[in-house]
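S.K.: My questions will all concern the structure given below.
All of the numbers you see were taken from the coordinates with simple rules; none came from a lab. These figures come from a predicted structure and were not determined experimentally. Backbone-built Cβ (ideal geometry, glycine too); neighbour counts: all protein chains shown.
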Amino acid sequence: MTLPPDHAPLLPKPCSKCGSPGEVTKSGSNRYWVQCAKFGRNGNCNAIGQQAASRKEAIRNWNTRH
Ligand SMILES: [Zn+2]
C-alpha cells in the first residue's frame, strides 16, 4: 500500500548544494519557505525554496526542487 503524498513525512531535505539542513522559515501568518541553514548571513549558500501559504507546501517545494 502506498501512502498518498500528503502523508509523506514533512521534513525538509538537506541542502543539495552544501548538505546543510533545510530550515522552515515563516513570515507573517501564512508565508512559509525553506532555506538552507547557511543561507545569506548565516553562510554563503543561496539555496532557497519557493514561498507557499503552508508549511507543508513550502517543504514540498523545497524537496521537489532539491
Ligand atoms: Zn546550502
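S.K.: Looking at (1) more than 12 Å from the ligand (Cβ to nearest atom); (2) surrounded by fewer than 17 Cβ atoms within 10 Å (Cβ to Cβ), find the lone condition where ARG60 falls short.
M.R.: Single failed check for ARG60: (2).
S.K.: Just to be sure I understand, how many residues within the range 33-57 are among the hydrophobic types (A, V, I, L, M, F, W, C) and more than 16 Å from the ligand (Cβ to nearest atom)? Please lay out each step first, then the result.
M.R.: Just the residues of the range 33-57 that are among the hydrophobic types (A, V, I, L, M, F, W, C), to begin with: 33-34, 36-37, 39, 45, 47-48, 52-53.
Pick out the ones that are also more than 16 Å from the ligand (Cβ to nearest atom) and you get 52-53.
Going through the range 33-57 one residue at a time, the tally reaches 2.
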